[in-house]
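The structure appears right after this line, and notes come after that.
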Amino acid sequence: MRRARRVGTGRAVGRRGFGAVSRRDFLRIGGVSLAGAALLGTAACGGGGGGPQTADDGSIVVVFSAAPDDSGSLTSLIEQFNEDRAGEIQIDYRQQPTDTGAYFDQLRTQFQAGGGDIALIGGDVIWPAQFAANGWISDLSDLFTEDMRSGFIEGPIESNTYDGSVFGVPWFTDAGVLHYRQDLLDDAGISEPPATWTELKEMASQIQEEAGTEWGYVFQGGNYEGGTVNGLEFINSFGGAVLNEDDVTQVTIDSPESVAGLEMARSMVDDEVSQQAVSTYTEEESEAAFLNGNAVFCRNWPYMYGLVGDPEASQIETEQVGVSALPAAEDGESVSGLGGWNFYVNAAVPQETQDAAWEFIQFMTDPEQQKFRALEGGFLPTLTDLYDDPEILDEVPVIALGGEALQRTVPRPVSPVYSDMSLQMAEQFNAVLNGNASPEEAITTLQENLQGIADQAPE
């Protein structure tokens, strides 16, 4: 299967069928074609009087927007649901751009124009606060009860929480993980992957010297959303935070912990564990350096493990690679940037349509359907119990290899003005890696600029 790079970093997801699993088809991420994609559903007519749209058979039509999914797992489940609920509910799948920025802009335009006909949204984990603050999506707290939430991974739940309420339901998730050359660690007499950033640097330097490997560590340091995620992972692992946990209008990034996180990021370049070019890297460049055998360690999303051993993508074999949680500070904890997608309900559509959308959300997030998507498309579940499912662990081994990281995700700052904040963070994090700003200067600049943005957020 192949899915678009990268959930939560500005591009959307799609996968090819899992069937007889080949290395090439396992958890791949890449460009997704819209060619041949079918829109489901029959012609609908207005319900009249502000009522729901209905199909010819009287079904309530729920227009569901999501990025393309070339695994076929999504369309298969929609067809199953429509068949089971014939005459009651019909899901009309409307494919959106693979670029999540373009997708977001389309939705925002629809909302600003009055809401539009899209009732159910499959969207990025960074959207809830921005939509909720404007009243565009429904508060699902009463439907998605605390008892129901307890079965989900904590990070995705946090991503849906804004101002004390829950505005979405986790669909599938993702997390930054550390890929490493198991064979090179073995040859160097190193028995375990690094638990701390300092250990990573020491191991990388040793192997670079002994084995002549060009890169010790590659990651996404470019000036884009992925660079924001990587920078925040450094900061969060040292205990820094962008916003006050109890008051998200207060920026708290100006702290010794945040400075220490960016100092560690810059030290990767200064100590020649990473090359200066890492400041231009996205997922693709990081992937190429590691899969070509030129790096000891690589921070990337779990999809990259599926490319290992693929002769068209990789010069290294599966047995040469391990996956673990990202390192931590000496006294900190390993944290991974949260990726993934959630379900949101358009607050402007009739209540009957919202109720029908909720029925579909329950169906799609049920353990059976999440397991199906994991097996057929490699989508990482949001239900904690599925991480102990033997069949999933066997068929989707990256879940077992990176399970700790998937359980220790941290969402990006939950704010209705996150998009503007992210642009500032990406720029300053990149300036540190480029040597154009010291960590102290970058953090000071961000404190002022982010607070200015936060002050403009809708109340």
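Computed from the Cβ-Cβ distance with R0 of 25 Å, the FRET efficiency linking Asp366 to Thr145 stands at 0.95.
Listed from fewest to most Cβ neighbours within 10 Å, the set Leu243, Leu393, Leu107 follows the order Leu393, Leu243, Leu107. Between 0 and 90 degrees, the angle of helix 367-377 with respect to the longest Cα principal axis of the chain falls at about 60 degrees. Relative to the current alpha-carbon distance between Glu448 and Glu285, full extension at 0.36 nm per residue lengthens the span by 55.5 nm. Residues Ile190, Ile399, Ile121 in ascending order of nearby Cβ atoms (within 10 Å, fewest first): Ile190, Ile399, Ile121.
Calculate how steeply helix 100-112 sits against the longest principal axis of the alpha-carbon atoms of the chain, using the helix alpha-carbon long axis, and give the answer as 0 to 90 degrees to the nearest 10. For helix 100-112, the angle is close to 40 degrees.
Express in nm, to one decimal, how much length is gained between Glu440 and Asp270 on full extension, taking 0.36 nm for each residue of separation and deducting their alpha carbon distance.
59.6 nm
The overall shape of segment 315-459, judged from the alpha-carbon gyration tensor, is oblate: a/c is not under 1.5, and a/b is no greater than b/c. Considering only DSSP beta bridges where both residues belong to the chain, give the percentage that are antiparallel (nearest 5). Percent antiparallel among DSSP bridges in the chain is about 60. When the Cα atoms of segment 296-385 are aligned to their principal axes, the ranges along those axes come out at 54, 39, 25 Å in descending order. Taking each residue as 0.36 nm, the span from Asp186 to Gln407 lengthens on full extension beyond its C-alpha to C-alpha distance by 76.9 nm. For the pair segment 342-391 / segment 277-309, the C-alpha centres are spaced 30 Å from each other. Over all pairs of different C-alpha atoms, segment 241-354 has a mean inverse distance whose reciprocal, the Kirkwood radius, equals 17.8 Å. Put in line by how crowded their Cβ is, counting other Cβ atoms within 10 Å and starting with the fewest, Thr282, Thr249 read Thr249, Thr282. The long axis of helix 439-454 is offset from the longest Cα principal axis of the chain by roughly 20 degrees. Please state the shape class of segment 240-284: rounded when a/c is under 1.5, otherwise prolate if a/b exceeds b/c and oblate if not, all from the C-alpha gyration tensor. Here segment 240-284 falls in the oblate category. Mean 1/r over all different Cα pairs, inverted: what Kirkwood radius does the chain give, in Å? One over the average 1/r among Cα pairs gives 22.5 Å for the chain.
Backbone N atoms of segment 322-356 closer than 11 Å to the 7 Å Cα→Cβ label point of Ala86 are not found in any residue. Evaluated with a Cβ-only charge set (Lys, Arg +1; Asp, Glu -1), segment 174-285 carries a dipole of roughly 160 debye about its Cα centre, given to the nearest 20. Across all Cα atoms of segment 47-173, the radius of gyration (one decimal) and Dmax (whole number) stand at 15.4, 41 Å.
Computed from the coordinates by the stated procedures, all read-outs in this text should not be read as laboratory data. In this text, all values refer to a predicted model and were calculated from it rather than measured experimentally. All Cβ positions, glycine included, derive from the backbone under ideal geometry; neighbour counts span all protein chains shown.
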